[in-house]
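Chemist: Dumping the structure here so I can ask a few things about it.
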Amino acid sequence: MQKHFLRRRLGAMVAATFFATGALGITWGGSVEAAEAVAHIGQVQGASHQSPYTGKDVEIKGTVTFREGPSTFFIQDEGDGDDKTSDGILVYAPDASCGIGDIIKVSGEVKEYYGKGYREKKQTDLTITEIAADKIKVLGHTSTLPKPIVLDKDRMIPRKVIDSDGMKVFNPDHDALDFWESIEGMRVSVENPKVLGPQRYGEVWVVPGNNPGPFNNSGGQSITGDDMHPEHIDLALQGGNAKSFVTKSGDYFDGTVTGVVSYGFGVYKVLTMANKLPQLVDGGLKPEKAQLTPAQDKLLLASYNIENFSANPSFTPDSKVKRLAQSIKNDLKMPDILTVLELQDNDGKTDSGTADASKSAQRLIDAVKAESGVTYNFVNINPEYNKDGGQPGANIRVAFFYNPNRVTLKSGAPMGTSSKAVGWKDGHLTLNPGRIDPTNPIYDYTRKPLAAEFEFQGKNVVVVANHLNSKRGDDPLYGQHQPVRLRSEERRLQLAENIKAFVEEGIKQNPNLNIVLTGDFNDFEFSPVIKKLEGSDMVNLVGRHDIADRYAYFYQGNSQVLDNIIVSKNLAQNAKFDIVHVNSSFMVEHGRVSDHDPLEVQLTLN
């Protein structure tokens, strides 16, 4: 039970001496201040993110439009004629039996309530205006609910701008943050919604069917430096089958979806019943295969976040292993070097005290051999136990698989350890592989970059696998802090500076050095972090890739890039690059094996 509900129940037990229900009314008794009769819900909501009646007792009438749970429901009235003030509101009334269509009079205290969210929600999230009911009286019933607002038809969702003024001015026509607040608790409809990506946590992100786009190659919408797409709508499915609803990018609903606007986990959402959705039409999207054709004289290199992969079948099912092996063979066409991220130790998230991943690696090697006949070699450096972040006990790390028939790990330098830093001597690595600056405190509880030097047809290439700290800790886009504070970025900037210094030293010793940075940088191609890593010596291939194909991850309605491949300038000119869309736009039911799409590059080595 949420503390919010528990506090109220305890308060009611102390203050109330009886609980009575009548044929037309429900009353919580006790000493209650006289409630102020308010003509319209819009007056209670106010033209702001906080109600002008907060802390006051009010009496209001409305029609029950949606039940969120046994203790909460929404009511809406005929409106006050002001688009800036919402005509709907949340009511908290444990055990109240009124149903959808009941016309009720409710009295109680107006509160700003923190809905469902993460542990730090009171420091980050917006609140939901509600009435904590003391008395409810059912006045009648209607079969005609308040007419919903048709989004992007009756009222246009603002484009590009979430907030423009630090929440100082309430302007719903311009700022999406204020727009959604102005219809909080109201009924809305979305006509023929286009699905932007896979269902997750019972949420399906859509845009109205009349949205002109542009859409990316999978039917989603990719973010840019100046557009996080505030027009995206989160359909939060309610009901027992919500989390089993199967969608992918490019699907669409043949009809209208209607629900009520609420808020939780840092986003506005439209609550709607999963069993009342119109028919979902398959948009026909299929997983891709790499556009790059293997060539005898060119190095094929891929980067793949394989999402918590281990030898433990309790956490990594055989179906995932087989599909991943098929993906490496058929989708990526057997890269010569495969950088992997989120490879776990042998027993996965079992907290056993060992960080060895040799069995996890062998499980993938065996699966790839069964599909292709090729036996990859594997190299990594086991992290110190529970020192690199990720699931406790799982010890995720970056690692390399490579085809020994095509490339070899360059000899001449010893293998590094978890705490010994790799350096350069005469333009070659002093450890192979070796971790970059692993004892530096900036890498505490995050993955340490792993550098390895390979030889391909008499030419050398240094590959650095990266998995920087996550975005956890950043403010939500629709939170109480505007502009949004990207608190995790500061550390990634420090890591980028550290990695950049390592790269610059190698190029200083060998201006013709072939060097590639791969992995999950947990930042966008236009971010300061990636720009810092590029510097004057490197080129991010994602940044020059076709915008319609520039996505490898899906989050809260937005297609985006967190994985990047950054190459030295001497490699960039002839590099061929592809993002292979086999995961991020799909669900497991479609063959997804990770939440990230793999990236691949074909290089002509100098």
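Chemist: Straight-line reach from LYS500: which lysines have Cα under 16 Å away, leaving out those fewer than 8 places along the same chain?
Modeler: In chain and number order, the partners are LYS448, LYS508, LYS531, LYS532, LYS569.
Chemist: If you take the C-alpha gyration tensor of the stretch 355-488, multiply each eigenvalue by 5 and take the square root, what semi-axes do you get, largest first, in whole Å?
Modeler: Working: eigenvalues 194, 78, 46 Å².
Output for the stretch 355-488: semi-axes of 31, 20, 15 Å.
Chemist: If you don't mind, there's one more thing I want to ask. What is the Å³ per residue value for the convex hull set by the Cα atoms of the chain?
Modeler: Per residue, the Cα convex hull of the chain comes to 157 Å³.
Chemist: Given a 1.4 angstrom probe, what's the average accessible area per residue across the stretch 132-269, in square angstrom?
Modeler: Using a 1.4 Å probe on heavy atoms only, each residue of the stretch 132-269 averages 38 Å².
Chemist: May I pose another question? Per 0.36 nm of contour for each residue apart, how much would the distance between GLU589 and ASN210 grow if the chain were fully extended, relative to their Cα-Cα spacing?
Modeler: On the way: separation 379, 0.36 × 379 = 136.44 nm, distance 2.82 nm.
Using 0.36 nm per residue and subtracting the Cα-Cα distance, I get 133.6 nm.
Chemist: What figure in square angstrom, to the nearest 10, would you give for the accessible area of LYS137 with a 1.4 Å probe?
Modeler: LYS137 has an accessible surface of roughly 110 Å² with all protein chains in place.
Chemist: Also, I was wondering about something else. On the accessible surface of the stretch 382-491, probed at 1.4 Å, how many percent belong to carbon and sulfur atoms? Show your work: numbers first, answer last.
Modeler: Numbers: 2250 of 4570 Å².
The nonpolar share, carbon plus sulfur, comes to 49 percent.
Chemist: Dipole magnitude of the chain about its Cα centre, charges +1 at Lys/Arg Cβ and -1 at Asp/Glu Cβ only, in debye to the nearest 20?
Modeler: It works out to roughly 1420 debye.
Chemist: Place the peptides 263-275, 193-205, 346-358 in order of packing, highest mean first, counting for every residue the other Cβ atoms within 10 Å and averaging per peptide.
Modeler: 193-205, 263-275, 346-358
Chemist: Give the accessible area for ARG435 in Å² (nearest 10); use a 1.4 Å probe, count only protein heavy atoms, and leave out ligands, DNA and RNA.
Modeler: 10
Chemist: Related question: Among LYS329/LYS410; LYS160/LYS333; LYS322/LYS420; LYS160/LYS349, which pairs are too far apart, with a Cα-Cα distance over 30 Å?
Modeler: In this structure, LYS160/LYS333; LYS322/LYS420; LYS160/LYS349 lie more than 30 Å apart at Cα.
Chemist: Here is a follow-up. Quick one: with all protein chains in place, what share of the accessible area of the stretch 218-360 is carbon or sulfur, to the nearest percent (1.4 Å probe)?
Modeler: Its accessible area is 48 percent carbon and sulfur atoms.
Chemist: Here's something else I'd like to know. With a point put 7 Å past each Cα toward its Cβ, work out how far GLN362 is from SER143 in nm, to one decimal.
Modeler: Each label point is offset 7 Å from its Cα along the Cβ direction, giving 7.0 nm.
Chemist: Please work out the average accessible area per residue across the stretch 520-574, using the 1.4 Å probe convention, and give it in Å².
Modeler: On a per-residue basis, 33 Å².
Chemist: Can you list, largest first and rounded to whole Å, the semi-axes you get for the stretch 26-173 by taking the square root of 5 times each eigenvalue of its Cα gyration tensor? List each step's numbers first, then the result.
Modeler: Details: eigenvalues 135, 74, 45 Å².
For the stretch 26-173, the ellipsoid semi-axes come out as 26, 19, 15 Å.
Chemist: Another question, then. Would you rank TYR92, TYR553 by solvent-accessible area, highest first, keeping every protein chain in place and using a 1.4 Å probe?
Modeler: Descending accessible area places them as TYR553, TYR92.
Chemist: Kindly report the accessible area of the stretch 277-402 per residue (heavy atoms of protein chains, probe 1.4 Å, no ligands, DNA or RNA), in Å².
Modeler: Values: 4950 Å² over 126 residues.
Heavy-atom accessible area per residue stands at 39 Å².
Chemist: Restricting to DSSP H runs of at least four residues, report the calculated mean residue ellipticity at 222 nm for the chain, -39500 (n - 2.57) per run over all residues, nearest 500 deg cm²/dmol. Before the final figure, lay out each step's value.
Modeler: Working: 9 runs with 85 residues, N = 606.
Taking each H run of at least 4 residues, the total per residue is -4000 deg cm²/dmol.
Chemist: Rounded to whole Å and sorted largest first, list the principal axis extents of the Cα atoms in the stretch 215-326.
Modeler: Answer, in whole Å and largest first: 58, 40, 29 Å.
Chemist: Here's another thing I want to ask about it. Which percent of the Cα-Cα distances in the stretch 63-116 go past 17 Å?
Modeler: Within the stretch 63-116, distances greater than 17 Å cover 39 percent of Cα pairs.
The values are calculated or read from the model by the stated rules, or taken from the named source; none is laboratory data. Quick caveat, the model's predicted, so the values are computed rather than measured. Quick reminder, even Gly has a Cβ in these numbers, built from the backbone with ideal geometry, and neighbours come from all protein chains shown. Only protein heavy atoms, including side chains, enter the accessible area calculation; ligands, DNA and RNA are left aside. Shrake-Rupley method; radii C 1.70, N 1.55, O 1.52, S 1.80 Å.
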